[in-house]
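In what follows, a structure is listed as structure tokens, so that the remarks can point back to it.
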Amino acid sequence: MSEPRAVSVGVLKGGFGKTTTAINLARELAYRNERALLVDLDDNGHMTLILGHDEAYRGEQWGINHAEDVLIDGADPQQYVVSVTDGLDLFPAHVNLEDVQSGLKEATMGTTRLKQELVDELLGDAYDYIVIDCPANRGKLNDNAMYATGNIIIPLRPENGYETGLSNTVQRLVMEAREYFDLDILSVLPTDLSGRIDQATRDRALLREMTTREAVAKHVPNFAYLSEADWDAIDAGEYDGPLPGIRHRAAIDNANDEGVPLRDYDPECDQLTCYDELAQIVENGEVSR
Ligand SMILES: Nc1ncnc2c1ncn2[C@@H]1O[C@H](COP(=O)(O)OP(=O)(O)O)[C@@H](O)[C@H]1O
Ligand SMILES: [Mg+2]
């Protein structure tokens, strides 16, 4: 096992695959190693609800805002961790995470709380890896995730607005944070691809941009990367390599509906190898080509 690491999965756009990526990445990290923890920092609570912890989200399980108790009042996070599957746990979102965000604005050193009160408490001790599902809007919760992890995985979906999703995230989240601390882009991740790439589709446009813009291309995992030679072969009708992932699969969507990670829903799904490679990128701390 490599050194313990916490990672953020974030993009300033909803519906781009953050939650799906975070769940399945953390599942593979737990599968390949020992123990992983998911942290749901999105006030929409999708991850917490998908994984079946509605009572924790609504505040009924513990009778308090557990996120506030930890991040504002310094309580022990471990008492609020619930189990997902073998080796994988979840620190759930709370329906009033917005209040926590306001509290963090007022708090002394309000950007450091997630690191101090949760990540530093648990990482390398209770968990080998921590994966944080970030909110789609800018604010103190995102700042906390960036500061606590020092890195970000940016999922992108080939739908209208991916260019602004990426540029907003890089400019308004990554660059602004970099004025104050080191923040690595760990991966830029095309997800939910279903179109052809030998014709002028949105998938092709997304992959072209991702794999030819140098600053971005080096962060694209091998399962989604196409070299100049690959593109030449595609345009000559001679490409016989695998289609770039993560592909659209009913099993990935159904696993969310069933409230389990992909590996536990369909261990035969061909896209599991992508999540496994992503887990290796997290273990290594970079994409190696
Ligand atoms: N590779 C995929 N194949 C099929 N459905 C997917 C895939 N990736 C994501 N989805 C679906 O797309 C929707 C949005 O994904 P989600 O992870 O919730 O995005 P976000 O967290 O950024 O809002 C969800 O319904 C999810 O199940
Ligand atoms: Mg989400």
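Laid out as a table, the results:
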item: From E34, E3, residue being of a type in the set (D, E, K, R), out of contact with any Phe, Trp or Tyr (no Cβ under 9 Å at 6 or more places or on another chain) and away from ligand 2 (no atom under 13 Å from the Cβ); result: E3
item: Candidate set: region 132-176, residues that are small (G, A, S) and farther than 18 Å from R208 by Cβ; chosen: the one nearest to ligand 1 (Cβ to nearest atom); result: A136
item: Cβ-Cβ under 6 Å pairs, at least 6 apart or on other chains, region 16-27 side closer than 12 Å to N256 by Cβ and part of a helix (DSSP H, G or I), far side at pLDDT below 95 and not aliphatic (A, V, I, L, M); result: none
item: Residue among H94, H53 that is in contact with a Gly (Cβ under 7 Å, 6 or more places away or on another chain) and not aliphatic (A, V, I, L, M); result: H94
item: Residue list for region 145-177, restricted to those being within 20 Å of G110 (Cα to Cα) and surrounded by fewer than 17 Cβ atoms within 10 Å (Cβ to Cβ); result: R172, M175, E176
item: Region 18-59, residues that are in contact with a helix residue (DSSP H, G or I) (Cβ under 8 Å, 6 or more places away or on another chain) and of a type in the set (D, E, K, R); result: R27, E28, R32, D40, D42, D43, D54
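To keep it simple, each residue is scored yes or no on (1) buried (at least 24 other Cβ atoms within 10 Å of the Cβ); (2) of a type outside the set (F, W, Y); (3) more than 12 Å from ligand 1 (Cβ to nearest atom); (4) at pLDDT 95 or above.
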| residue | (1), (2), (3), (4) |
| --- | --- |
| P4 | no, yes, yes, yes |
| A26 | yes, yes, yes, yes |
| Y31 | no, no, yes, yes |
| D40 | yes, yes, no, yes |
| L71 | yes, yes, yes, yes |
| D86 | no, yes, yes, no |
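The values are calculated or read from the model by the stated rules, or taken from the named source; none is laboratory data. Please read all numbers here as calculations on a predicted model, not as lab measurements. With ideal geometry, Cβ positions are generated from the backbone for all residues, glycine too; neighbour counts draw on all protein chains shown.
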